[in-house]
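A short worksheet on the structure shown next.
The values are calculated or read from the model by the stated rules, or taken from the named source; none is laboratory data. Keep in mind that this is a model prediction, so the values were computed, not measured. FYI the Cβ positions are ideal-geometry reconstructions off the backbone, even for glycines, and counts take in every protein chain you see. Protein only, heavy atoms only, side chains kept; ligands, DNA and RNA dropped before computing areas. Shrake-Rupley method; radii C 1.70, N 1.55, O 1.52, S 1.80 Å.
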Amino acid sequence: MYHAETFGRKAMIFDMDGTLLDSMPAWKDNLYQVALRFGVELPPDFYDLYKLLISPEVAQHMVEHYHVKGTVEEVFQAINHGIVSYYANSISPKPFARELLEAYRAQGMKVVLLTGTERPLIDLVLRRLDFFQYFDLTCSCREAGGPKSSPVPFHYVLDRLGVKPEEAVMFEDGIHGVKSANQCGIFTVGVHDSMWDDVAQEMASVAGRYVHSLKELLT
């Protein structure tokens, strides 16, 4: 495996959900199931409208604007409980995710996970899938000091690794993460996920490279 994005690079930084894991449908399904348990059927476009929000904000919208019959805290806890079940039992890697991580490890790259998902879910799913073995560092955006819509978590990772921006590559399915990594001077690989089809064209134009499957990075 030899590609322009690995030439002269020392660190491969991966997003988790939607990039390495096929987990985005679980987040969507979980919200609809939670609403039903509270007696409300959410409209089909609900997730598309609120998918950029964190769970407490989503719970607040569900209660205040969609009349979900519970308190914000009750709905928030139900969302958390439901998504834990998905991470513990059913979420799987995207095709060729394991092979790609193994390939970069074999090349002697530093491999890092940087995700907006919280630490308990990170630990739960990486242990179940036996993915910890592939990473030199795993961190949540909370641990890294800020969301991927800002440069803060990227600088945190670079500092932890002791590498320069131009020595790193970021693999990301979310357009805000790609834009922030670009601002930091990190080469970006946009990874297609169907949950973000509405911005796929823009993603392809702003990422250094755009792939529809991780297999493209192995061939």
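Name the helices (complete DSSP H segments) of the chain with a Cα length along the long axis of 24 Å or more and a Kyte-Doolittle mean of at least 0.0, or state none. Spell out each step's value before the answer.
Details: long enough: 72-89 (26 Å, 0.19).
Helix filter hits for the chain: 72-89.
What's the local net charge at Val191, with K and R +1, D and E -1, over the other residues with C-beta under 9 Å away? Working shown, then result.
Values: positive: Lys94; negative: Asp15, Glu172, Asp173, Asp193.
Its environment carries a net charge of -3.
Over segment 153-212, what number does the Rg to Rh ratio reach, with both radii from the alpha-carbon atoms and Rh per Kirkwood? Intermediate results must be reported in sequence, preceding the final value.
On the way: Rg = 11.6 Å, Rh = 11.5 Å.
Using only Cα positions, Rg/Rh for segment 153-212 is 1.00.
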Checklist line | Cα-based Lys pair tally, the chain, threshold under 14 Å, eight or more apart or on separate chains | finding: 6
Margin query: What are the ³J(HN,Hα) couplings of segment 198-211, residue after residue, when phi is run through the Karplus curve with 6.51, -1.76, 1.60 and θ = phi - 60°? Round to Hz, x for glycine and proline.
Written below: 5, 10, 4, 5, 5, 4, 4, 7, 9, 6, x, 8, 10, 10
Note to self: Could you compute the net charge surrounding Ala59? Neighbours are other residues with a C-beta less than 12 Å from the C-beta of Ala59; K and R count +1, D and E count -1.
What the structure shows: -4
Notebook entry, point to check: Per residue, how many Å² of accessible area does the chain show with a 1.4 Å probe?
Noted result: 46
Note to self: Please report the antiparallel percentage of the DSSP beta bridges confined to the chain, to the nearest 5.
What the structure shows: 5
Next item on the list: Tally up the carbon and sulfur contribution to the accessible surface of the chain as a whole percent, 1.4 Å probe, everything protein left in place.
Entry: 54
Next item on the list: Compute the signed sum of charges (Lys and Arg +1, Asp and Glu -1) over the other residues within less than 13 Å, Cβ to Cβ, of Thr115.
Entry: -4
